[in-house]
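The values are calculated or read from the model by the stated rules, or taken from the named source; none is laboratory data. Note that this is a predicted model, so its numbers are computed, not measured. Cβ sites come from the backbone with ideal geometry, for glycine too, and all protein chains shown count toward neighbours.
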């Protein structure tokens, strides 16, 4: 009597060695064992399909003259008309420039700060003090965008804002900063650094905690001081982390979210405060030019992908670290 | 001899190091002060006399303690509708999103599940590509969710980022032996999830729930584009109306005539500013209160996410 050690066949009764029971297709068997796992995934799959993939399908209205009554299919196909309209529009370069500069300034000012903060925090001797400081630096991150912008507007008020009060105390002249296009980028960027520096340092601190303590010990025995330790051991150790985050940030250089800008924007500072996303909000949601603004959104996404690829390739060529 | 050399080295490093530590501590203290001063200032102004604030006398401590700013702000009804809406949306939205995210994360964490890679790719793709603002808006409109609280709740079913964090948790914290043991005992997959895995998921459910709750509580943009009915405004929208759009508050009556009422109105004008500071405190209070207990979990979440990233 041979017992076929064949995984394909069901182990069936058959003490007498008679023919095995009908074979269950391995796929059916797998499904009957594991279908519940797939059911657990199902709600998520469905929701992502409806709210992420269906809008991707709907994005084709960028190539049509979409009218709600006609639906997506019924609306007339116009090809690249909206893209051309955007790129040749009078305000295209201003929008592009504002978006790019806002992003760039935020990057230049905001990227190093969490790193430096992480280094300083990492050097703290007292663990209790370190944890307290950390906890306190995270607080601005948890305030809502509306609260922070509300604070900014209050602080910048000409007559009652604390910033102007300090300026007049020091002998200067109070200015209405929020109406000044030239001040907008500074306001936006500095408040962004204030809000994000503490929280942003978490990742770097996590990376720093992974630095090999033996190397540090060896360096210390060799007589390295703290600054040398930071420069020659800590910094190179977390350089991959820094580069990855830098790549990700550069890749999204042309996407400035509308949340904060919308709250700080007013008719007087539009020259510098109007970015692509706020333009899309104004013209798309408020003015219902759906096809046109969808085209703008697509255009923006494509540029982002191109930027990300370029930056990633450059990083890959220059060193070892890259996203893919 | 060695001992002497070591001692010498230690003395040399510790002088420089002590200076470094002192400077570091000072810098840290300065940073903390800069970070927290805006909040501190908000608190002291909200409790101070509006007239003194107008004259620029308030910087470091409360002057002319008064509860008027709070008293007037508390009477503003839209704040309480805002609070109500935010609490309701956050509670429902968090439970709902947890119910979608956690089972999915668990399922994706199991080994040997066929097609897992493709499904993961399906999810991750949406982290980088999307239809955009307008197609999403049109979808909500087609689903007849416009101007309802469900427009804020339903689309936020799952953030792939959160799901990945939870999946990592399950991958590192639930040993395979547990699954095998349960199967030997004859448990079905559902049974394993509900009776074995869920009870062990306390930590990750807490982290994800917090992320979701803060997300719901602080968001305003979705309400901005989907909701027109003021009765449905979440707290952030009310905040925006009062702080950013400088809406007339209902309890400031512009129709006063008598000199007494004029003085009262002028006082109310000054109060208008300190009231806004009070409002920020009122709106941020929940977050500020639970924050110390809760920030540990957030940091843990970021750590898990960072490892995966």
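For segment A:87-108, does any single residue satisfy the condition of being within 14 Å of another protein chain (Cβ to nearest Cβ) and in contact with a helix residue (DSSP H, G or I) (Cβ under 6 Å, 6 or more places away or on another chain)? No, every residue in segment A:87-108 fails to be within 14 Å of another protein chain (Cβ to nearest Cβ) and in contact with a helix residue (DSSP H, G or I) (Cβ under 6 Å, 6 or more places away or on another chain). Just wondering, is there one or more residues in segment A:167-185 that are surrounded by 15 or more Cβ atoms within 10 Å (Cβ to Cβ), touching a residue at least 40 places away in the same chain (Cβ under 8 Å) and within 13 Å of chain B (Cβ to nearest Cβ)? Yes, segment A:167-185 has at least one match. Residues in segment B:182-238 that are at the interface with chain A (Cβ under 10 Å from one of its Cβ atoms), surrounded by fewer than 19 Cβ atoms within 10 Å (Cβ to Cβ) and not in a helix (DSSP H, G or I): B:188 only. In this structure, is residue A:191 within 11 Å of another protein chain (Cβ to nearest Cβ), in a helix (DSSP H, G or I) and farther than 29 Å from residue A:139 by Cβ? Spelling it out, it is not the case that residue A:191 is within 11 Å of another protein chain (Cβ to nearest Cβ), in a helix (DSSP H, G or I) and farther than 29 Å from residue A:139 by Cβ.
Filter segment A:286-308 down to residues that are in contact with a helix residue (DSSP H, G or I) (Cβ under 7 Å, 6 or more places away or on another chain) and either under 16 Å from residue A:85 (Cα atoms) or at pLDDT 90 or above (or both), then give me how many there are. Don't jump to the end; show me each part of the working.
Here is the first cut: in segment A:286-308, the residues in contact with a helix residue (DSSP H, G or I) (Cβ under 7 Å, 6 or more places away or on another chain) are A:289-300, A:304, A:307-308.
Right, trim to either under 16 Å from residue A:85 (Cα atoms) or at pLDDT 90 or above (or both) and you get A:289-300.
Here the count works out to 12.
Looking across segment B:267-295 at every residue that is more than 8 Å from chain A (Cβ to nearest Cβ) and under 14 Å from the mean Cα position of the chain (by Cα), the one that is farthest from residue B:169 (Cα to Cα) is identified as B:285.
Of all the numbered requirements in (1) more than 30 Å from residue A:278 (Cβ to Cβ); (2) surrounded by fewer than 15 Cβ atoms within 10 Å (Cβ to Cβ), residue B:147 misses one, and that requirement is (1). Within the option set B:91, B:97, being in a helix (DSSP H, G or I) and in contact with a helix residue (DSSP H, G or I) (Cβ under 8 Å, 6 or more places away or on another chain) holds for one residue only, B:97. It is to be established whether one or more residues within segment A:263-276 are out of contact with any strand residue (DSSP E or B) (no Cβ under 7 Å at 6 or more places or on another chain), under 22 Å from residue A:81 (Cβ atoms) and part of a helix (DSSP H, G or I). For segment A:263-276, residues out of contact with any strand residue (DSSP E or B) (no Cβ under 7 Å at 6 or more places or on another chain), under 22 Å from residue A:81 (Cβ atoms) and part of a helix (DSSP H, G or I): present. How many residues does segment A:217-244 hold that are at positive phi and either outside any loop (DSSP other than H, G, I, E, B) or modelled with pLDDT of 85 or more (or both)? So the count comes out to 0. Can you find, within segment B:100-131, the residue that is farthest from the other protein chains (Cβ to nearest Cβ) among those that are farther than 28 Å from residue A:58 by Cβ and in a loop (DSSP other than H, G, I, E, B)? Of everything passing the filter in segment B:100-131, B:111 is farthest from the other protein chains (Cβ to nearest Cβ). In segment B:13-40, the residues that are more than 10 Å from every other protein chain (Cβ to nearest Cβ) reach residues that are exposed (fewer than 13 other Cβ atoms within 10 Å of the Cβ) and not in a helix (DSSP H, G or I) with C-beta atoms within less than 9 angstrom, at least six apart or across chains, in these pairs: B:40/B:60.
Applying the criterion of being at the interface with another protein chain (Cβ under 7 Å from one of its Cβ atoms) and closer than 19 Å to residue B:192 by Cα to the residues of segment A:39-61, the residue that is farthest from the chain's Cα centre (by Cα) is A:40. For residue B:54, the criteria (1) at the interface with chain A (Cβ under 7 Å from one of its Cβ atoms); (2) in contact (Cβ under 8 Å) with a residue 60 or more places away in the chain; (3) under 30 Å from residue B:206 (Cα atoms) hold in every case but one, which is (3).
Just checking, how many residues over segment B:132-159 are assigned to a loop (DSSP other than H, G, I, E, B) and more than 8 Å from chain A (Cβ to nearest Cβ)?
8
Tallying residues that are in contact (Cβ under 8 Å) with a residue 40 or more places away in the chain, buried (at least 20 other Cβ atoms within 10 Å of the Cβ) and more than 8 Å from chain B (Cβ to nearest Cβ) within segment A:278-299 yields 5.
Of the residues A:104, A:121, which single one is over 22 Å from residue B:302 (Cα atoms), assigned by TED's automatic domain parsing to the domain that holds residue A:238 and at pLDDT 90 or above? Result: A:104 is the single residue among A:104, A:121 that is over 22 Å from residue B:302 (Cα atoms), assigned by TED's automatic domain parsing to the domain that holds residue A:238 and at pLDDT 90 or above. As a summary of the residue check, residue A:206 satisfies the conditions (1) within 25 Å of residue A:311 (Cβ to Cβ); (2) within 12 Å of chain B (Cβ to nearest Cβ); (3) over 24 Å from the mean Cα position of the chain (by Cα) except for the one numbered (3).
Among the residues of this structure, residue B:167 counts as one that is surrounded by 19 or more Cβ atoms within 10 Å (Cβ to Cβ) and at pLDDT below 95. Exactly one residue among B:118, B:91, B:99, B:107 is buried (at least 17 other Cβ atoms within 10 Å of the Cβ), in the same structural domain as residue B:220 (by TED's automatic domain parsing) and at pLDDT 90 or above, and that residue is B:107. For segment B:142-155, the count of residues that are under 20 Å from residue A:40 (Cα atoms) and in contact with a helix residue (DSSP H, G or I) (Cβ under 6 Å, 6 or more places away or on another chain) is at least one. Out of A:247, A:276, A:310, A:302, one residue alone is within 30 Å of residue A:147 (Cβ to Cβ) and in the same structural domain as residue A:101 (by TED's automatic domain parsing). It is A:276. Based on this model, can you work out whether residue B:138 counts as over 23 Å from the mean Cα position of the chain (by Cα) and under 30 Å from residue A:287 (Cα atoms)? Considered against the rule, which asks whether it is over 23 Å from the mean Cα position of the chain (by Cα) and under 30 Å from residue A:287 (Cα atoms), residue B:138 comes out as yes.
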